[in-house]
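Okay, so here's the structure we're looking at.
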Amino acid sequence: MLRVTPTAGLLLTGGASSRLGAPKAELRRDGERLADRNAGLLAAVCTVALEVGPGTSSLPAVREDPPGLGPLAALVAGAEALRARGVQLPVLVLAVDLPFVDAALLAWLATRPGSGTVVPRVEGSPQSLCARYGTADLATAGRLRHEGAASMRSLLDAVTVTYVDERAWHAVADPSCFDDVDTPDAVARAGLEWPPAPLG
């Protein structure tokens, strides 16, 4: 167990995978589904973890209503489900399509000083789906969603974010931790395996 500070986790698995043509959660790395791999990472680091999506992992699953509204809606749905369970902690958000993220990076994010939002950047680009969100900022996310906002960028623009660049996270993570798999070419470059074809 790597749990080093009280933190909740949300695994986002509900993306449409329209460019990929197959559910990202069902892709395999070394034979293990990404849903199972990333759920295990969050379970190792976090005090409590949920899946926001159709229930493809071993974590308890909740869904945004209606499904498919994007990661901000998923973050809000997950935060509300945690709050309903009496959990009010900073939240690590992890997208299921990050096949090379590891527990060391997640633990490093969980233990950043303070209780606010911490977002890694790669070449200046925020990695909002492998980040920690403070409890006050989760409330802001809910308000923004209620007002019709749809993007994670709207949340990052509305709250105080501690951005951490390569010089801060390079000691615990390789840049490949932030490589996502959105297309068949990305799957091939990552060396992942496609899910088995359905029988019949």
Write down the percent of antiparallel bridges among all DSSP beta bridges whose residues are both part of segment 8-190, to the nearest 5.
-> 35
Under the Debye formula (equal points on every Cα, no solvent term), log10 I(q)/I(0) of the chain at q = 0.10, 0.12 Å⁻¹ = -0.37, -0.55
Values of log10 I(q)/I(0), in the order q = 0.11, 0.13, 0.23 Å⁻¹, for segment 112-197 under a Debye, Cα-only, solvent-free model = -0.41, -0.56, -1.09
The alpha-carbon pair-distance distribution computed for segment 1-117, with 10 angstrom bins and whole-percent values, is 15, 48, 32, 6, 0
Equivalent-ellipsoid semi-axes (√(5λ), Cα gyration tensor) for segment 50-115, whole Å, largest first?
-> 21, 16, 11
Low-density loop positions, GluC sites (Glu not before Pro), segment 53-144 - DSSP coil, at most 11 other Cβ in 10 Å = 123
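Readers should treat all values here as calculations from the given coordinates under stated rules, not as data from a laboratory. The model shown is predicted, which means the values in this text are computed figures rather than measured ones. Cβ coordinates were reconstructed from backbone atoms using ideal geometry, including for glycine residues, and neighbour counts include every protein chain displayed.
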